[in-house]
Amino acid sequence: MGIRGEVFSSKTSVGKRTYFFNVKENRHGDLFLNIVESKKHEGTGFERHSVIVFNEDLESFAEELQKAVGFMQSHGGTKAES
């Protein structure tokens with residue numbers, strides 16, 4: 001087991017936001033995905049939001065995420081200002 005139960009971690013930074021994808025292991029040995037968005041605010045530090053996806057929900061979560069991504073890619077639209 002890694003630091004705080006982390007067994008895998010990756011990140012991507014886009015503008016003021018950084019996204020972390022952390023696979024963690026709980027004390028029972030079960031794996032879960034922790035997705036964290038961290039956004040820097042000038043002078044006030046960071047704002048963080050987290051979503052936890054349990055192993056038994058991962059396939060369904062990934063399918064619905066892919067549907068949402070596909071919709072956004074096919075419908076284009078305008079990019080939001082950061």
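In this structure, does Thr44 turn out to be open to solvent by 80 Å² or more (accessible area, probe 1.4 Å), β-branched (Val, Ile, Thr) and without any contact (Cβ under 8 Å) to a residue 40 or more places away in the chain? The answer is yes for Thr44.
State all residues of the range 1-40 that are among the hydrophobic types (A, V, I, L, M, F, W, C) and closer than 18 Å to Phe61 by Cβ; if no residue qualifies, say none.
Selection gives Phe8, Phe20, Phe21, Val23, Leu31, Phe32, Leu33, Ile35, Val36.
Looking only at residues of the range 8-22 that are exposed (fewer than 12 other Cβ atoms within 10 Å of the Cβ) and at pLDDT below 95, we find that the one that is farthest from Lys40 (Cα to Cα) is Val14. Taking the criterion of being at pLDDT below 95, farther than 19 Å from Gly15 by Cβ and not in a helix (DSSP H, G or I), the only residue of the range 35-82 that qualifies is Gly76.
The values are calculated or read from the model by the stated rules, or taken from the named source; none is laboratory data. Just so you know, these numbers come straight off a predicted model, no measurement behind them. Positions of Cβ are backbone-derived with ideal geometry, glycine not excepted, and every protein chain shown enters the neighbour counts. Each accessible area value is taken on the protein alone, full model and side chains, heavy atoms only, with ligands, DNA and RNA left out. Shrake-Rupley method; radii C 1.70, N 1.55, O 1.52, S 1.80 Å.
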